[in-house]
Amino acid sequence: MGRLNILSFLFLLIFGVVSAQLPHGIKENYRLFWEDDFNYENKQLDNQWESANHSSLNLYCSRWRENAVVRNGELHLDIKKEQRGGQDWTAGSVWTKRKFKYGYFECRYKYAGGEATNNSFWLMTRPRKEPNEGKIFEIDINEGHYPNEISTNIHNWSDIEEMPNGKKKHPSYNKQFYFGAKPDYSIQLELPIETKKIRFVSNSSSRFNIGEFRVYGVNESGEYPEVLSETADEDILGIINYSRAKNVNITSSGSFNNKPTEANLVDGNPYTSWSTQNEGQKWVEFSWDALLKVGCIQFVNGWRDGNKNWRSLINEYKVQYFKDGVWSDITALNAQSEYDFSEEFHTYGLDWTEDELVFYFDGKEIRRVKNEFCHSEAPIWLSLALIKWHGTLKDDLDGKSMKVDCVKYYQSK
């Protein structure tokens, strides 16, 4: 299936974003054992679900039963801008009273439509004191982020290690999937352009990272290096990277914490980056004192975590050139307008066995890993949170919600 950390437009063409059917093998080997389609009055939610009723100081919000509301056959986890529990925002989080172990789990839901939202369908054991009861673990079937990021995570909360700096970490195995976005772009021009200025510009309200940005002259052979190559400018003879020329001038809209990082755009390392400022339009501009003939532009975006997975890929940008007093587009992306998971329901699934964890999106497998420590019963969780590390919190989130159509559990026949 290719690189699992990126679901590009090609992935969608092959697999399709469609209403999900049960995955192959699940329909044949499993039977429906438990489900909730929320076709009842709100007060009946308490028959099968527990609810959070507390502050969450690691989040932007506290979470309460009043924010988990059954409406018109759906469970809505509502966002409210209100002061409660010492915080300025509230949201909802619920989990089943019964516990489950092994089987196929699926949930059909829409994301809350805004940045800084964490739309989660997950399994997690509760803290226990009994000996020999196994690891405390968390399986995020989807910890989804608006508009179109799927995040699958496996956490081992039992084996916590203290680092030399005093911080603590635990084993964590994460993979993210992005629709319409990828970390490495190579824009090869059918017709070369002549210009003295090229810029990257985005109206994203979130801070993001841009790595190596290359502006190559025309190569008659049509060959250009791999974007993530750490020796790109030496990989193909005869090409010129004007971004690293002596006469280039680089300016930008700003940098995170006012710490200039624009030099990382041209240091030859695709894994170092310019980190933008938090607010306003973000842009970086390259200018030269002589006219250039450009055949290819390459750049890297996002950042790579310790597991070599790319995180926080940008969904909206333009690359432009300046000529005759006008900025014109070379290429543009607006993945949010094409793939907005707050507009349509999608189905997220997990086949959990003693040996494996297999993750699904709309009935198609997206990830398969060995099950090394998830061997205890766990409730099913449905949670909406406002988080500090995935976007800018805006007032228009007030009144929005994660909407759950149904959740189901299948057992082996």
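The values are calculated or read from the model by the stated rules, or taken from the named source; none is laboratory data. Note that the structure is predicted; figures quoted are calculated from it, not measured. Neighbour counts are summed over all protein chains in view; Cβ atoms, including those assigned to glycine, are modelled from backbone coordinates with ideal geometry.
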Qualifying residues in region 192-218 (those that are in contact with a Ser or Thr (Cβ under 6 Å, 6 or more places away or on another chain) and among the polar types (S, T, N, Q)) - the one modelled with the highest pLDDT
Asn209
Filtering region 231-250 for residues that are surrounded by 13 or more Cβ atoms within 10 Å (Cβ to Cβ) and either more than 25 Å from Thr195 (Cβ to Cβ) or touching a Gly at 6+ places or on another chain (Cβ under 9 Å) (or both) leaves a count of 7
Could we say that Asp395 is assigned by TED's automatic domain parsing to the domain that holds Lys81 and free of Cβ contacts under 8 Å to residues at least 40 places away in the same chain here?
no
Picking from Thr125, Thr90, Thr96, Thr117, which residue would you name as being under 28 Å from Gln176 (Cα atoms), of a type in the set (Val, Ile, Thr) and more than 25 Å from the chain's Cα centre (by Cα)?
Thr96
Per the list (1) at pLDDT below 95; (2) surrounded by fewer than 20 Cβ atoms within 10 Å (Cβ to Cβ); (3) at negative phi, residue check on Ile136 breaks on (2)
Determine, yes or no, whether Phe341 is surrounded by 19 or more Cβ atoms within 10 Å (Cβ to Cβ) and part of a loop (DSSP other than H, G, I, E, B).
yes
Selection within region 373-405 - within 22 Å of the chain's Cα centre (by Cα), closer than 24 Å to Ile136 by Cβ and surrounded by 14 or more Cβ atoms within 10 Å (Cβ to Cβ)
Ile380, Trp381, Leu382, Ser383, Leu384, Ala385, Ile387
Quick check on my filter: what residues within region 279-296 are closer than 22 Å to Gly254 by Cβ and out of contact with any helix residue (DSSP H, G or I) (no Cβ under 7 Å at 6 or more places or on another chain)?
Glu279, Gly280, Gln281, Lys282, Trp283, Glu285, Ser287
Any chance Trp327 is surrounded by 18 or more Cβ atoms within 10 Å (Cβ to Cβ), closer than 28 Å to Tyr224 by Cα and either in contact with a strand residue (DSSP E or B) (Cβ under 9 Å, 6 or more places away or on another chain) or of a type in the set (S, T, N, Q) (or both):
no
Strands (runs of 3 or more DSSP E) wholly in region 57-142 with at least 2 residues that are basic (Lys, Arg) - which ones?
80-84, 103-110
Restricting attention to region 309-331, and to residues there that are in contact with a helix residue (DSSP H, G or I) (Cβ under 9 Å, 6 or more places away or on another chain) and either in a strand (DSSP E or B) or polar (S, T, N, Q) (or both), which single residue is nearest to Tyr178 (Cα to Cα)?
Asn315
Of the conditions (1) free of Cβ contacts under 8 Å to residues at least 24 places away in the same chain; (2) within 15 Å of Tyr178 (Cβ to Cβ), Gly306 satisfies every one except a single condition; which number is it?
(2)
